[in-house]
Amino acid sequence: MSNFKVKLVGKEQVAESTMAFRFEKPAGFQFKAGQHAELTLLNPSEDDFEGPSRIFSIASVPSGPELIFATRMQDTAFKRVLGSSPIGTEISLDGPMGSFTLHGDEKKPGVFLSGGIGITPFMSIILEATKNKLAHRLYMFYSNRRPEDAAFLDRLRAADKENPNFCFIPTMTAMEKSQHEWKGETGFIDQAMLMRYIPALDGPIYYVAGPPSMVGAMQKMLSAAKVNVDHVRTEEFGGY
């Protein structure tokens with residue numbers, strides 16, 4: 001792990017109350033799809049008890065020219081400063097960190113279970129697998145309240161069309177509060193939903209990322225489905 005100074009080169013809204021921030025990738029920074037980094041604001045105009053640093057999964061591909069981080073824009077000093085930072089702002093980056101990366105055995109499918117902003121590490125893994133035409137069979141179950149809340153929804157749909165080994169299954173849990181039409185899955189991710197798409201639940205490696213409550217629920221569901229605990233990998237995303 002190393003420390004770098006990186007410049008903000010772009011930012012855009014990727015879902016309601018969710019922003020993606022693009023930074024120049026510094027020379028010598030190498031990471032694996034699924035890893036994360038710590039971002040620290042330099043001389044922020046305001047601070048609070050949570051401090052000037054946050055850990056974010058990298059949503060971009062390792063071979064790309066930029067580092068992309070996405071986050072829900074809660075009302076904290078860190079988010080306010082980051083959100084209002086002009087293009088060209090420098091921040092400190094420490095990383096890469098983490099082992100939430102795709103397994104090497106291409107004969108074993110990968111099943112990704114994500115809620116909300118927990119999609120970010122999977123973006124990197126899916127886009128890299130698509131770019132490199134990996135032989136792994138991959139399933140992405142992505143739960144949100146509404147389509148308006150689902151970050152990178154269109155990009156994941158595009159990957160589903162581009163990559164014959166990738167199956168994207170988004171599901172919405174509160175469509176009664178949405179202004180959009182929805183023809184896909186509804187309700188929370190459960191064993192019955194998995195069985196509609198996966199031939200055998202005991203064969204894949206499972207990756208779970210999202211809020212702690214969602215991660216815990218998925219672990220219980222997989223345990224009830226007799227999935228080997230050694231085949232389940234998790235990463236929790238707090239609400240900061």
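We did not get these values from a lab; they are worked out from the coordinates using the rules stated. Values in this document were obtained by computation on a predicted structure and should not be read as measured data.
Distance check, please: which entries in 32/107; 108/161; 79/220; 107/226 exceed 24 angstrom between their Cα atoms? Provide the component values of the computation, followed by the final result.
Details: 32/107 20 Å; 108/161 21 Å; 79/220 33 Å; 107/226 20 Å.
Violating the 24 Å Cα-Cα cut-off are 79/220.
The shape of the chain can be summarised by an equivalent ellipsoid whose semi-axes, obtained from the alpha carbon gyration tensor, come to 30, 20, 17 Å from longest to shortest. The convex hull built on the alpha-carbon positions of the stretch 48-107 has an orientation-averaged projected area of 6.0 nm².
Mind checking the angle between helix 212-224 and the chain's longest principal axis? C-alpha axes, 0 to 90 degrees, to the nearest 10. Value to nearest ten degrees: 20.
Just the projected area, averaged over all directions, of the convex hull on the alpha carbon atoms of the stretch 4-53: how many nm²? Don't skip to the answer; put the middle values down first.
Details: hull surface 19.8 nm².
Mean shadow area of the hull around the Cα atoms is 4.9 nm².
Based on Cα contacts under 8 Å between residues 6+ apart, the stretch 48-114 shows a relative contact order of 20 percent. In the chain, Cα pairs under 8 Å separated by at least six residues give a relative contact order of 19 percent. Apply the a/c threshold of 1.5 to the C-alpha gyration tensor of the stretch 110-236 and tell me whether it is rounded, prolate or oblate. Because a/c hits 1.5 or more and a/b fails to exceed b/c, the stretch 110-236 counts as oblate. Solvent-free Debye calculation, one equal scatterer per alpha-carbon of the stretch 2-97: log10 I(q)/I(0) at 0.14, 0.18, 0.21 Å⁻¹ equals -0.46, -0.79, -1.09. Helix 120-131 axis versus longest C-alpha principal axis of the chain: approximately 70°, rounded to the nearest ten. Helix 153-162 axis versus longest C-alpha principal axis of the chain: approximately 60°, rounded to the nearest ten. Treating each Cα of the stretch 30-173 as an identical point scatterer and summing with the Debye formula, the log10 of I(q)/I(0) at q = 0.13, 0.15, 0.18 Å⁻¹ comes to -0.63, -0.81, -1.08. For the chain, the share of DSSP beta bridges that are antiparallel, to the nearest 5, is 55%.
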